[in-house]
Amino acid sequence: MTRTHQPRPEPGDRHGSPRRRLGHPAARIGLVAIALALLAGLVAGCGNTNPRNLIESIQNGSVVLGTKYDQPGLGIRNPDKSVTGFDPSVSTYVVNHIADSLGVPHPEIRWRETPSAQRETLIDNGEVDMIAATYSITEARLKKVDFAGPYLVNYQGLLVRKNDDSISTLTDLSDGKKLCSVTGSTPAQNVKAQLPDVQLQEYDSYSSCVEALRRGKVDALTTDEVILAGYSDFYPDEFKLVGMSYPKDACVKDALKRAGQPFSTEYYGIGMAKDYPEAVVKVNEAIRAMLAPVPGGQSVWEQSLRDAIGSPTVDSMIARADTPDSQYKFTPNPGDLAFVDSPSTPCPPGLT
């Protein structure tokens, strides 16, 4: 009996049909189709890159809020991945207050770290609904994003070691003291311009400056007071804050700065995408509600600030603002952005 010869199945093909090699045109077409399908799935999973509307996100039950992860007191990510600080407290109050006003449940909150250099990009790309992250309202930034607030008025200050009594005013820095700040920062340059004898030490982060101050490598650190207060509260009994005001009349960028005037004034706001004015209105309403006094107690805003940077610091800020003829404020005025383009006083002839 003659046996008919059958082709031997190729390895791995239990049905006996020859396996296509990758070089075969049909195989290449199939791989391309699979790759395109996978790419489409990834794009769909990432969502679009249009700016987000905070109101719509709250109504849909989920928001992405931007803040800092590395600033004690203001915004820090804890080992359990929770986020705490004054900025997150303000953000949480705002979105929950808006949800209540819309009659919808409080949304799920997801946090996103927002480094200073990336804030406008993250808003424009739709990666966050809003950002509260020591975000100063400026004319240049208002061209890119909208701001609600301010929710905090802040001033430049000094952080020194608690047992160092040689620095109690700004002019004490001129005695050969070493001043630390972040590389290229405006606060450091402001001091250097007024006190040329200061030995300016520039580090890559404020946390590095704090460590240098703890080790005695520098004598003071300068930046926004509330940031310094957060570090001071984080390291109990190690530091103290020193206020900074102009020791005498000065001309800075062709503007007159009077003796006793704060070295710099920062207005922290909540940044959001442009073209959603109803969101700005709602956020300002929420901040005002947070600032409203509670019968028989402090406002939610003030209590949150005390929890973040410590009551002694808040008490001193209130006392300074209440001093007769004080040029300092404590309570912000949400919705009032007149400070952005307010005219400066020209320098008188002969003042440098």
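The values are calculated or read from the model by the stated rules, or taken from the named source; none is laboratory data. Note that the coordinates shown come from a computational prediction; the quantities given were computed from them, not determined experimentally. Virtual Cβ from ideal backbone geometry, glycine too; neighbours counted across all protein chains shown.
Can you name the residue in segment 290-331 that is aliphatic (A, V, I, L, M) and more than 22 Å from the chain's Cα centre (by Cα) and, of all such residues, is farthest from LEU158 (Cα to Cα)? Before the answer, list the steps.
The first filter runs over segment 290-331 and keeps only residues aliphatic (A, V, I, L, M), leaving 290-292, 294, 300, 305, 308-309, 314, 317-319, 321.
Keeping just the survivors that are more than 22 Å from the chain's Cα centre (by Cα) gives 292, 294, 318-319, 321.
Numbers: ALA292: 30, VAL294: 33, ILE318: 18, ALA319: 18, ALA321: 18 Å.
This residue is VAL294.
Condition first: in a strand (DSSP E or B), farther than 27 Å from TYR276 by Cα and in contact (Cβ under 8 Å) with a residue 60 or more places away in the chain. Now tell me which residues in segment 51-88 satisfy that.
Answer for segment 51-88, where residues must be in a strand (DSSP E or B), farther than 27 Å from TYR276 by Cα and in contact (Cβ under 8 Å) with a residue 60 or more places away in the chain: ASP70, GLN71.
Scan segment 73-88 residue by residue and report those that are among the small types (Gly, Ala, Ser) and either under 20 Å from GLU302 (Cβ atoms) or under 12 Å from the mean Cα position of the chain (by Cα) (or both).
First pass over segment 73-88, keeping only residues among the small types (Gly, Ala, Ser): 73, 75, 82, 85.
The answer is GLY73, GLY75, GLY85.
Suppose the filter is more than 22 Å from the chain's Cα centre (by Cα) and either in the same structural domain as THR84 (by TED's automatic domain parsing) or in contact (Cβ under 8 Å) with a residue 40 or more places away in the chain (or both); does PRO334 pass it? Lay out the reasoning, then the answer.
Details: more than 22 Å from the chain's Cα centre (by Cα): no; either in the same structural domain as THR84 (by TED's automatic domain parsing) or in contact (Cβ under 8 Å) with a residue 40 or more places away in the chain (or both): yes.
It is false that PRO334 is more than 22 Å from the chain's Cα centre (by Cα) and either in the same structural domain as THR84 (by TED's automatic domain parsing) or in contact (Cβ under 8 Å) with a residue 40 or more places away in the chain (or both).
Can you tell me which condition ASP237 does not meet? The list is (1) in a loop (DSSP other than H, G, I, E, B); (2) under 30 Å from VAL145 (Cα atoms), and all the others hold.
(2)
Based on what the data block shows, is ARG119 of a type outside the set (Ser, Thr, Tyr), surrounded by fewer than 22 Cβ atoms within 10 Å (Cβ to Cβ) and modelled with pLDDT under 95? Lay out the reasoning, then the answer.
Details: of a type outside the set (Ser, Thr, Tyr): yes; surrounded by fewer than 22 Cβ atoms within 10 Å (Cβ to Cβ): yes; modelled with pLDDT under 95: yes.
It is true that ARG119 is of a type outside the set (Ser, Thr, Tyr), surrounded by fewer than 22 Cβ atoms within 10 Å (Cβ to Cβ) and modelled with pLDDT under 95.
Only one of (1) loosely packed, with under 14 Cβ neighbours inside 10 Å; (2) touching a strand residue (DSSP E or B) at 6+ places or on another chain (Cβ under 8 Å); (3) in the same structural domain as ASP129 (by TED's automatic domain parsing) fails for LYS217. Which number is that?
It is condition (3) that LYS217 fails.
Check ASP336, ASP341 and return the single one that is within 25 Å of MET130 (Cβ to Cβ) and modelled with pLDDT under 90. Let's see the steps before the verdict.
On the way: ASP336 fails: modelled with pLDDT under 90.
Being within 25 Å of MET130 (Cβ to Cβ) and modelled with pLDDT under 90 holds for just one of ASP336, ASP341, which is ASP341.
Only one of these is over 22 Å from SER316 (Cβ atoms) and either buried (at least 23 other Cβ atoms within 10 Å of the Cβ) or acidic (Asp, Glu) (or both): GLU225, GLU202, GLU238, GLU266. Name it.
GLU202
With the condition kept exactly as written, say whether any residue in segment 143-150 is in the same structural domain as VAL300 (by TED's automatic domain parsing) and either surrounded by fewer than 18 Cβ atoms within 10 Å (Cβ to Cβ) or farther than 30 Å from GLY335 by Cα (or both).
Within segment 143-150 (the criterion being in the same structural domain as VAL300 (by TED's automatic domain parsing) and either surrounded by fewer than 18 Cβ atoms within 10 Å (Cβ to Cβ) or farther than 30 Å from GLY335 by Cα (or both)), the answer is yes, since at least one residue qualifies.
Evaluate segment 207-215: report whether one residue or more is under 20 Å from LYS248 (Cβ atoms) and β-branched (Val, Ile, Thr). Break it down stepwise before answering.
Step one: list which residues in segment 207-215 are under 20 Å from LYS248 (Cβ atoms), which gives none.
Within segment 207-215, not a single residue is under 20 Å from LYS248 (Cβ atoms) and β-branched (Val, Ile, Thr).
Take the residues of segment 65-93 that are farther than 15 Å from SER232 by Cα and of a type in the set (D, E, K, R): which is surrounded by the most Cβ atoms within 10 Å (Cβ to Cβ)?
Top of the filtered list is ASP87.
In the set ILE98, ILE131, which member is farther than 25 Å from VAL226 by Cα, buried (at least 20 other Cβ atoms within 10 Å of the Cβ) and not charged (D, E, K, R)?
Values: ILE131 fails: farther than 25 Å from VAL226 by Cα.
Answer to the check: ILE98.
Looking at LEU152, LEU221, LEU159, LEU173 in this structure, which one is without any contact (Cβ under 8 Å) to a residue 60 or more places away in the chain and aliphatic (A, V, I, L, M)? Quick ask: steps written out before the conclusion?
Details: LEU152 fails: without any contact (Cβ under 8 Å) to a residue 60 or more places away in the chain; LEU221 fails: without any contact (Cβ under 8 Å) to a residue 60 or more places away in the chain; LEU159 fails: without any contact (Cβ under 8 Å) to a residue 60 or more places away in the chain.
None of the other options fit; the residue is LEU173.
Go through (1) loosely packed, with under 14 Cβ neighbours inside 10 Å; (2) farther than 17 Å from SER232 by Cβ; (3) not assigned by TED's automatic domain parsing to the domain that holds VAL94 and name the single condition SER168 misses.
Only one criterion is unmet by SER168, namely (2).
Residues of segment 222-231 being under 17 Å from ILE167 (Cα atoms) and in a strand (DSSP E or B), which ones?
THR222, THR223
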